[in-house]
Amino acid sequence: MYQPPAFREERVEALHALMRAHPLATLVITAAGGVEANHLPLLLDDGGGDRGRLCGHFATENPLLSALEESEDGLAVLVIFHGPSHYVSPGWYPSKAKDGKVVPTWNYAVVHVHGVLRAMNGANSLRAHLDALVAAQEAGRSPPWSPADAPADFIATMMTGIVGFNIEIERLEGKFKLGQNRSAEDRAGVIQGLAGEDGAGAVELAEMIRK
C-alpha cells in the first residue's frame with residue numbers, strides 16, 4: 001500500500017480500534033485461478049501475539065477451503081479493513097478563496113493486515129468463536145440474541161456448513177488520509193463540509209479528522 005508519511009498510522013491501538021469498528025473485511029488470497037477476494041466479518045483477539053489475531057469463518061462450499069487444504073502450512077492472506085471515507089470538495093477549503101489552487105480528493109481510513117490463515121481445531125473452538133462474534137455484534141441490544149437461543153441441534157447442523165479459521169497477524173499497515181497535509185483552516189473547513197453531508201461515514205470521518 002502506498003503510504004505517504006503524513007498519512008501513515010502505526011499506533012496499534014488506533015489500528016485495532018478501526019478493525020473493531022468495521023469488522024466486515026476483504027480477505028485476499030492468491031490461488032491457482034488468480035487473485036481471489038472474499039468479504040467476511042472478522043473478530044479481533046488482541047491477546048494473540050504482539051499484533052493480535054483475527055478469527056473468522058466461511059462456508060464449506062467457498063473455494064477458500066480448497067486453497068487452504070492445498071497449502072502446506074497455512075494460507076498467506078491480505079486482509080483489508082475499510083474505515084470511513086468521503087469525497088472532499090475543493091469548495092470546503094478556505095484556501096480556495098486565496099489562490100484557487102485546490103482540487104478534489106477523497107479522505108479515508110484503512111488497515112491492511114498481513115498474516116497466515118489456518119483452520120481452527122475442533123467444533124469447540126468454532127462454537128467459541130461464533131459465540132464471541134455474535135456477542136460483539138449484539139452488544140447494546142436489548143435483549144441481545146445468542147446462539148443458545150436457537151435449538152441446539154439446529155446450531156450444530158449449521159456449524160457443519162462452515163469452517164472456522166484464525167489469522168496470526170504478522171504485519172499491520174494503516175493509512176489514515178485525513179488531510180494532514182492541509183492547513184488547520186482547511187481541515188476545519190472539511191469538518192464543517194462533512195457536517196452537511198448525509199450518512200454515518202461523514203460523521204465518523206469528521207470525528208477522526210477532529211481527533
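Overview of results
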quantity: Solvent-accessible area, 1.4 Å probe, carbon plus sulfur percent, for the chain; calculated: 53 percent
quantity: Highest average packing first - 13-20, 131-138, Cβ atoms within 10 Å; calculated: 13-20, 131-138
quantity: Set of aspartates and glutamates near residue 101 by C-alpha distance (under 19 Å), chain-local residues within fewer than 8 positions excluded; calculated: 185, 186
quantity: Helix-only [θ]222 nm of the chain, DSSP H runs n ≥ 4, -39500 (n - 2.57) each, per residue, nearest 500; calculated: -9500 deg cm²/dmol
quantity: Region 28-81 - Rg and Dmax from Cα coordinates, angstrom; calculated: 12.0, 35
quantity: Using distinct alpha-carbon pairs, which all enter the 1/r mean, Kirkwood radius of region 40-144 in Å; calculated: 17.6 Å
quantity: Using alpha-carbon coordinates, inclination of helix 12-21 to the longest axis of the chain, degrees; calculated: 70 degrees
quantity: Spherically averaged projected area in nm², based on the convex hull that wraps the Cα atoms of the chain; calculated: 14.5 nm²
quantity: Residue-level accessible surface for residue 50, protein heavy atoms, 1.4 Å, Å²; calculated: 150 Å²
quantity: Computed accessible area, residue 106, all protein chains, 1.4 angstrom probe, square angstrom; calculated: 130 Å²
quantity: Cross-link partners of residue 98 among lysines (Cα-Cα below 26 Å; sequence separation of 8 or more within a chain); calculated: 177
quantity: Order of exposure, largest accessible area first, which applies to 2, 108, 93 with probe 1.4 Å; calculated: 2, 108, 93
quantity: Largest to smallest accessible area among 177, 96 [probe 1.4 Å]; calculated: 96, 177
quantity: Estimated distance in nm for a label pair at residue 36 and residue 138, the labels positioned 7 Å out from Cα along Cα-to-Cβ; calculated: 3.1 nm
quantity: Folded to 0 to 90 degrees: helix 122-138 orientation relative to the chain principal axis, Cα; calculated: 30 degrees
quantity: Degrees, to the nearest 10: 184-195 long Cα axis against longest axis of the chain; calculated: 60 degrees
quantity: Pair residue 171, residue 123: separation of 7 Å Cα→Cβ label points (nm); calculated: 4.0 nm
quantity: For the chain: accessible area per residue (Å², 1.4 Å); calculated: 56 Å²
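The values are calculated or read from the model by the stated rules, or taken from the named source; none is laboratory data. All values derive from a computational prediction rather than experimental measurement. Note: ideal-geometry Cβ built from the backbone for every residue, glycine included; neighbour counts use all protein chains shown. In case anyone asks, the SASA skips ligands and DNA or RNA and just uses the protein heavy atoms, side chains included. Shrake-Rupley method; radii C 1.70, N 1.55, O 1.52, S 1.80 Å.
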